[in-house]
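First up is the structure itself, then whatever we jot down about it.
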Amino acid sequence: MNNLNRHLDFLGLNMHTPHKDLVPYVQCYWSILKKKNLTDPVTMKIISDGGMGVVFNYGGVLTVKSRSEVVRDLCGCFLTGPTINATYLTLQGSVDAIGIRFHPSGAYPFIQGDMDKYRNTVLPLSAISESVWYTLMKKLQKEPLVEDRIGLLDNFLIETLSRNKL
């Protein structure tokens, strides 16, 4: 998948196409890998599109700021709910993150329950209380290559679809 954000190339930002069976649910995977520490924080504006995301952060602390001025410093894994306003993601220090960006309503087969409770929120993955996501987080952390992480994400989501018979 082409990187539409060439001005962020210095961060190692890349967009990745999901497995064909996941295209109805997943817009893309994205990865950011910056081996050297950033000398200054970098803030990216993320335009609201009604989709949800899951972020696996293995680098420095990420800061997410929404219109309501709520700021959260996040490590590990977290869920970004659908938003009605832009969100700002600030990166600092070392950056090693990979994420899933779902289409609007595309996350439901993977994160079931009342999706309304995730609107305009950023929550640690423990908020959805599914140990399978924690297991995935640990597997991803062991893989140094982005291609292998993408393979793990594809397999995890396909298995989840199959298990939920969706």
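Relative contact order of the chain, taken over Cα pairs closer than 8 Å and 6 or more residues apart, is 25 percent. Estimated purely from DSSP H runs of n ≥ 4, each contributing -39500 (n - 2.57), the mean residue ellipticity at 222 nm for the chain is -6000 deg cm²/dmol once divided by its residues.
Average accessible surface for the chain: 54 Å² per residue, computed with a 1.4 Å probe over protein heavy atoms with every protein chain in place. Taking 0.36 nm per residue of separation and subtracting the Cα-Cα distance, full extension of the segment from GLN141 to THR17 would add 42.6 nm.
Could you tell me which label, among [x] 42; [y] 30; [z] 38, carries the value of percent of Cα pairs over 24 Å apart calculated for this structure? The calculated read-out lines up with [y].
Quick check for the chain: number of Lys pairs with alpha-carbon distance under 18 Å, counting only pairs 8 or more apart or on different chains? Going through the chain pair by pair, I get 4.
The values are calculated or read from the model by the stated rules, or taken from the named source; none is laboratory data. This one's a predicted model, so the numbers in the text were calculated from it and none came from an experiment. When the accessible area is computed, the model is the full protein with side chains, heavy atoms only, and any ligands, DNA or RNA have been set aside. Shrake-Rupley method; radii C 1.70, N 1.55, O 1.52, S 1.80 Å.
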